[in-house]
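Novice: So that we are looking at the same thing, I have put the structure below in structure tokens.
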Amino acid sequence: MRTCWINGQFVPESEAKLSIFDRGVLFGDGVYEVAAVFQGRLLDADLHLARLTRSLGEIGMPAPLANERWLEVMQELATTNGIDEGLVYLQVTRGEAERDFPFPATVKPSAFAYARPKRLSDDPNAGGIAVHVVPDLRWLRCDIKSTSMLAQVLAKQAARAAGTYEAMMHEDGLVTEGGSSTLWMVKDGVLHTRPLSSDILAGITRDVAILLAGELGIRLEQRAFTVDEARSADECFLTSATSFVLPITRIDDAVVGGGTPGAVTSRLREAYLDRACRLTS
Ligand code: PDD
């Protein structure tokens, strides 16, 4: 059985339980992070923990443990559970209290984490995925990595029902994000992704991809693009901590870039994998 971690203790999965009065359950009052495990080691966990600190601050929640301790917990989960490639998920909720919308006067955050395997270097989707266009139904603080995610649940369910892998969410025709990923397009050799704002999550993989694009001499324009532009782009792809760089070869019925991964996408995926290998060996 898998070993998980909850409120300071490593326990078997069957003992990792939260109260029905936990505000994470009642209100989705919490934040989370997902970091990759590659070659058995955490990848960019420090960057994910910096974003966790920011998310906690934005919702006025105290940090339940120091980031150095989080790093130990996350690595131990990966090691104990024998994860070579996969992910560590962690979540902090405001804690357990009688149901009342404002923050309770005294409440202690709940924290938990688990690890699970996922194929990363030989991702079965690396040959290209399809996305389904849906309206972005989310709130106005998408920069906070909140566990209130009903809009993404519905978006990704609609994507699955349409026989696709991920949602392409848009606001008035402008692409915001994937259901759980950052979206990109390449047009005439120029890489495009939406600029950071409260409309999107500041993806850690987005930051790394921007860095790698710079190193590879790929031109970048941070601007919002439309669903129509994406449909007629030369290449589209998504990024996330647990997908790295994945080519998008179809947007609903529109085939993108001839239906195969494009050169820029492939170079970025390769550079991302090279960097991951370097950082974890
Ligand atoms: N999702 N945008 C959204 C809405 C996301 O949920 C995610 C990540 C990203 C990409 O961020 P990053 O590169 O830091 O992983 C963008 C995680 C993986 C998840 O919910 O499982």
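Novice: For THR226, state whether it is touching a strand residue (DSSP E or B) at 6+ places or on another chain (Cβ under 8 Å), more than 13 Å from the ligand (Cβ to nearest atom), of a type in the set (Ser, Thr, Tyr) and within 26 Å of ALA254 (Cα to Cα).
Specialist: So THR226 passes the test.
Novice: Quick one: in segment 63-96, of everything that is charged (D, E, K, R) and surrounded by fewer than 18 Cβ atoms within 10 Å (Cβ to Cβ), which residue is farthest from SER19 (Cα to Cα)?
Specialist: Ranking the qualifying residues of segment 63-96, first place goes to ASP84.
Every residue, every condition in (1) surrounded by 15 or more Cβ atoms within 10 Å (Cβ to Cβ); (2) within 30 Å of SER281 (Cα to Cα); (3) among the hydroxyl-bearing types (Ser, Thr, Tyr), yes or no:
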position: ASN7; (1), (2), (3): yes, no, no
position: GLU33; (1), (2), (3): yes, yes, no
position: MET61; (1), (2), (3): yes, no, no
position: GLU98; (1), (2), (3): no, no, no
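Novice: Continuing with this model, one more query. Which residues, taken from segment 231-281, are within 16 Å of the ligand (Cβ to nearest atom) and outside any strand (DSSP E or B)?
Specialist: Result: ALA241, THR242, SER243, THR265, LEU268, ARG269, ALA271, TYR272, LEU273, ARG275, ALA276, LEU279.
Novice: How many of the residues making up segment 42-67 are over 20 Å from LYS108 (Cα atoms) and either more than 18 Å from the chain's Cα centre (by Cα) or part of a loop (DSSP other than H, G, I, E, B) (or both)?
Specialist: Number satisfying all stated conditions: 1.
Novice: Go through segment 163-182 and give me each residue that's surrounded by 22 or more Cβ atoms within 10 Å (Cβ to Cβ), of a type outside the set (Asp, Glu) and under 20 Å from GLU33 (Cβ atoms).
Specialist: Within segment 163-182, GLY178, GLY179, SER181, THR182 qualify.
Novice: On the given criteria, is LEU196 in a loop (DSSP other than H, G, I, E, B) and surrounded by fewer than 17 Cβ atoms within 10 Å (Cβ to Cβ)?
Specialist: So LEU196 fits the description; yes.
Novice: Right, another one. What pairs come up if the first residue lies in segment 137-158 and is among the polar types (S, T, N, Q), the second is more than 10 Å from the ligand (Cβ to nearest atom) and not in a loop (DSSP other than H, G, I, E, B), and their beta carbons are under 7 Å apart, counting only those six or more places apart or on different chains?
Specialist: Partner pairs satisfying both residue conditions: SER146/VAL31; THR147/GLY24; THR147/GLY30; THR147/VAL31; THR147/GLN91.
Since every read-out is calculated from the coordinates, none of them should be taken as a lab result. Everything numeric in this text was worked out from a predicted model, so none of it was measured. Positions of Cβ are generated from backbone atoms using ideal geometry, with glycine treated the same way; all protein chains shown enter the neighbour counts.
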